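This report refers to the structure that appears directly beneath it.
The values are calculated or read from the model by the stated rules, or taken from the named source; none is laboratory data. Bear in mind the structure is a predicted one, so any value in this text is a computation, not a measurement. Cβ: placed from backbone, ideal geometry, glycine included. Neighbour counts: every protein chain shown.
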Amino acid sequence: MTRKAILFTTLTGMLLASGALVAQDTVTPKREAQVEHRAQNQQKRIGQGVASGQLTPREAQHLEKREGKLQKDIHKAEADGRITKREQRKLNREENRNSRMIHRKKHNGRALN
């Protein structure tokens, strides 16, 4: 398999796994749901960038590392059962930075041919 295929398969698996984790919580408070929804959306954007060739494997790896840190921070914030306003502001800032980074890397002119 090519590097692109391996990376796409890995990203797809991670996306499905994160979706399964969210599906387990049937009743999620508004803050938790918003944070999880944004994280899922960004995973989809990275997967789409890999599939279309807009992201090189190295760029995708870097973005996945940032998303992994975000997931750790989300789980840390949810450890006490809920996300406070302060924690949500911190997570939103991190998600905003990741979103800008995804956009920049997808539109930087580098493409996987």
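Selection over segment 84-113 of residues that are touching a helix residue (DSSP H, G or I) at 6+ places or on another chain (Cβ under 7 Å) and surrounded by fewer than 12 Cβ atoms within 10 Å (Cβ to Cβ) gives a count of 0.
Here residue 81 passes the criteria (1) within 20 Å of residue 10 (Cβ to Cβ); (2) surrounded by fewer than 19 Cβ atoms within 10 Å (Cβ to Cβ); (3) small (Gly, Ala, Ser) except the one numbered (1).
A search for C-beta distances below 6 Å between a residue of segment 84-113 that is more than 13 Å from residue 70 (Cα to Cα) and assigned to a loop (DSSP other than H, G, I, E, B) and any residue that is at pLDDT 90 or above and not polar (S, T, N, Q), counting only pairs 6+ apart in sequence or on different chains, returns 111/53; 112/53. Any residue at all in segment 53-60 that's crowded, with 16+ Cβ neighbours inside 10 Å and touching a His at 6+ places or on another chain (Cβ under 8 Å)? Checked against the condition, which is being crowded, with 16+ Cβ neighbours inside 10 Å and touching a His at 6+ places or on another chain (Cβ under 8 Å), segment 53-60 yields at least one hit.
Counting the residues of segment 75-113 that are among the β-branched types (Val, Ile, Thr) and at pLDDT 95 or above gives 1. Just one of the listed residues (39, 33, 51) is of a type in the set (A, V, I, L, M), out of contact with any helix residue (DSSP H, G or I) (no Cβ under 7 Å at 6 or more places or on another chain) and modelled with pLDDT under 95, namely 33.
Taken as a whole, the condition of being within 18 Å of residue 93 (Cα to Cα), aliphatic (A, V, I, L, M) and assigned to a helix (DSSP H, G or I) applies to residue 35.
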